[in-house]
Amino acid sequence: MSDTRQTTTTETRRVSIKAFRYNAETDYLPYYKTYEMEVGKDELILDLLNRIKWEHDGSFSYRRSCRHGICGACGIKVNGKPVLSCKQNAQDLIDLFGDELVFEPQSTKRAVKDMIIDKGDFWSKHAAVKPYVQTEVDPHPESETLMSPEQVENFLEADYCIQCGACHYACPVIEVNEDYLGPAAFAAAYRFSVDPRDEAKIERLETTAELGAGVWDCVKCFECAEACPKDVNPIEKITKLHNMQFEEHVAERNVATKHAEGFVRSIKKFGYLDEQDIVLYSEGLGVVKHLSEALKMIKAGKVHPFDLAKKKMPRSKNLEEIQKLIEISKTHEL
Amino acid sequence: MSKLKYALYTGCTARESTPELLSSTLAVAEKLGIELVLLDEASCCGASHLQDFDEFLSLVLNARNICYAEKLGLPMVTICNTCQLNTVMTKERLDHDPEMKAKVNEKLAEVGLEYKGTSSVRHFLYALIDDYGLENIREKVVKPLSHFNIAPFYGCHNIRPSHIHYKHNNVPPQGEYDIGEGGGEMLHHEEPLMEKYTHENPYAPTSLDRLIEALEGKPVEYESKNKCCGFHVDLQAPETSNALSGTALLDAIDHEADLMVTPCPLCQLNMDLKQESAGKQLGREIELPVLHMPQMVALALGCTPEQIGLKYNVTKATQLA
């Protein structure tokens, strides 16, 4: 709760920077080194990175290029917050985190040298969704290809992506599931799939519908939306890909799609979600793998699957309103 | 202080597998003299899964829920992070998209309702902290939690996205905010907008820590407190879910937590119920009681064991009372 920016914006502030140091070629383990400096009100994180290199240790390494927030090279994490170094005011972060700032690469386990990481997984996953317009182009068109403002509006936000990797390396699923394509790839898949010139929408929807790699493995943590320095809002694009998979009949009946669709079935019946039924309905025979957890819940008296008197599902008051609204508002079925 | 009164949107979980959440919420309100009117007409919020399947239907159903709070002329409070976010994302959409609001209201009119946008929607955690006040809560403590190291687990949907948190979970009365709708507006500003982090910083949240301190418990400082528990992929990707919940639980245990507390029943279920399978996957035994936020408050306020409902916690928690 450090809302001190009004009183401090004109002064320099002393900060100690704990920077992640590692050279994959010579170091067995990474370590942190502390650098003290006075930070002016207009200095950016990139300025501090430069000052570490120029004033303290010439071997300190980081990526930098355009210096105006478009090349996407200088992304790091400061106290866990993904930032684009060249756009992030340093004193703002001192307000937020106090006078000790921790500089780390976007992913410490992919560190090559200090702030520099191997972004290979990012690029191969990005490429996997074919992030470009696929179409037969007439080399001698008689007129320009026109797009309506609405059509542009559809993908404009996603088009702001600069592939900096902030969302990708903020995503917790990327850390635990190496097949998962990740939020930046999904935002790109969405961007080109709603481009009116493109003809590969179905192919991309199929790629992003795969269990394990696709959007159904998103944990909905909103880390990507929070991380993006360009407000691409990747999770919103993930939701749109989910919707498009159903609209285009790409969604196959599996545990994940039935889980989503099963909500309508439950709400229609009770207003509430039938928590036991949704697991049974989504999993089918696969439900046996939840047996040990089910037994634990029964033991704690949380659920009563075998006691019909106690199992009684709650019902929303005015349930008929809900049923009518579902009937007149639903846009499709699985 | 004038009597606080809210419309309580319980969500599904509190009415089904976590009865202890509802009973402890009602007990805390009673002890503090807060009046909660249950929204029995409300339906499921869709928990982000209905949104994946049928976005428009989810807007209609969530708008209907808010209508019932508006009809009572009361601010709405939620006791589930996911209910909170899905409800305010609907509110956000309808309050800023007149065309969509009209489309939704056309459907609602069929059942005699109209969404107006007059009720605020906040998580009960922030109503307690910002409306009732931590100092006032501290005065009501009869059983200080001073012998516990308590690991706060915030849960994603209360703290992210931060601009939504800032607009909706913030201290009332709300001023005029223009901090972007997540729609590229930030591009047009010279400097990043940091104001959205002033009520709760998703990278270093403090609300639950401060609540624990007010109850005289010792908040555990650990990295995973603002991370994801993995609940939403538990069916299709249990390995992901176990890895995330297990890592957070072990992080809390390694920082000497005696118990964990969370304002979200979905986090609570996942972290409480899956300890054995997460432990198996990660190769370490995991045992840590996980309480709902109102259960913890109810403990400190001296509510009855029936109300606190520790017997419903899967990982043994009855020893805490």
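List the number of the failed condition for A:Val152; all other conditions in (1) more than 14 Å from A:Ala184 (Cβ to Cβ); (2) within 11 Å of chain B (Cβ to nearest Cβ); (3) in a helix (DSSP H, G or I) hold.
Status for A:Val152: all satisfied but (2).
Of the residues in region B:174-217, how many are away from chain A (no Cβ under 13 Å) and either closer than 10 Å to B:Ser162 by Cβ or at pLDDT below 95 (or both)?
Residues in region B:174-217 being away from chain A (no Cβ under 13 Å) and either closer than 10 Å to B:Ser162 by Cβ or at pLDDT below 95 (or both): 5 in total.
Just checking, which of A:Val279, A:Val232 is within 24 Å of B:Gly155 (Cα to Cα), touching a residue at least 24 places away in the same chain (Cβ under 8 Å) and either β-branched (Val, Ile, Thr) or assigned by TED's automatic domain parsing to the domain that holds A:Cys164 (or both)?
None of the other options fit; the residue is A:Val232.
Taking the options A:Ala127, A:Ala209, name whichever one is of a type outside the set (Ser, Thr, Tyr) and in contact with a helix residue (DSSP H, G or I) (Cβ under 8 Å, 6 or more places away or on another chain).
Just one listed residue meets the conditions, A:Ala209.
Looking only at region A:97-119, filter to residues that are under 23 Å from the mean Cα position of the chain (by Cα) and among the basic types (Lys, Arg); which one of those is surrounded by the fewest Cβ atoms within 10 Å (Cβ to Cβ)?
Looking at residues that are under 23 Å from the mean Cα position of the chain (by Cα) and among the basic types (Lys, Arg), I get A:Lys109.
Tell me the residue from B:Ala317, B:Ala298 that is in contact with a helix residue (DSSP H, G or I) (Cβ under 8 Å, 6 or more places away or on another chain) and within 11 Å of another protein chain (Cβ to nearest Cβ), please.
On inspection, the qualifying residue turns out to be B:Ala317.
I'm trying to understand the selection: among the residues of region B:274-314, which are of a type in the set (S, T, N, Q) and under 14 Å from B:Ile253 (Cα atoms)?
B:Gln275
Please find, among A:Glu293, A:Glu275, A:Glu327, the residue that is at the interface with chain B (Cβ under 7 Å from one of its Cβ atoms), closer than 18 Å to B:Cys45 by Cα and of a type in the set (Asp, Glu).
Going through A:Glu293, A:Glu275, A:Glu327 in turn, just one is at the interface with chain B (Cβ under 7 Å from one of its Cβ atoms), closer than 18 Å to B:Cys45 by Cα and of a type in the set (Asp, Glu): A:Glu275.
So, restricting to strands (runs of 3 or more DSSP E) that lie completely within region A:41-121, which ones have at least 2 residues that are among the acidic types (Asp, Glu) and away from every other protein chain (no Cβ under 11 Å)?
A:100-104
I'm checking my understanding of the structure. Among residues of region B:55-82 that are out of contact with any Pro (no Cβ under 9 Å at 6 or more places or on another chain) and farther than 17 Å from B:Asn105 by Cα, which one is surrounded by the most Cβ atoms within 10 Å (Cβ to Cβ)?
Applying the filter and picking the extreme gives B:Thr78.
Could you check how many residues of region A:316-334 are hydroxyl-bearing (Ser, Thr, Tyr) and over 15 Å from B:Asp54 (Cβ atoms)?
1
Can you report the number of residues in region B:78-93 which are under 14 Å from the mean Cα position of the chain (by Cα) and either outside the structural domain of B:Asp40 (by TED's automatic domain parsing) or charged (D, E, K, R) (or both)?
0
Out of A:Lys201, A:Lys220, I need the residue that is touching a residue at least 12 places away in the same chain (Cβ under 8 Å) and on the phi > 0 side of the Ramachandran plot. Which one?
None of the other options fit; the residue is A:Lys220.
Hey, among the residues in region A:123-169 that are at pLDDT below 95 and of a type in the set (Ser, Thr, Tyr), which one's nearest to A:Val194 (Cα to Cα)?
A:Thr135
Of all the residues that make up region A:180-222, how many are under 25 Å from B:His232 (Cα atoms), part of a helix (DSSP H, G or I), more than 9 Å from every other protein chain (Cβ to nearest Cβ) and not basic (Lys, Arg)?
13
Only residues that are part of a loop (DSSP other than H, G, I, E, B) and either more than 7 Å from every other protein chain (Cβ to nearest Cβ) or surrounded by fewer than 24 Cβ atoms within 10 Å (Cβ to Cβ) (or both): list them for region A:223-243, please.
A:Cys228, A:Pro229, A:Lys230, A:Asp231, A:Val232
Within region B:64-73, work out how many residues are aliphatic (A, V, I, L, M) and within 19 Å of the chain's Cα centre (by Cα).
2
Among (1) within 20 Å of A:Lys317 (Cβ to Cβ); (2) in contact with a Phe, Trp or Tyr (Cβ under 8 Å, 6 or more places away or on another chain); (3) touching a residue at least 40 places away in the same chain (Cβ under 8 Å), where does B:Cys44 come up short?
(3)
The values are calculated or read from the model by the stated rules, or taken from the named source; none is laboratory data. Since the model is a prediction, treat every value here as computed from it, not as a measurement. Cβ coordinates were reconstructed from backbone atoms using ideal geometry, including for glycine residues, and neighbour counts include every protein chain displayed.
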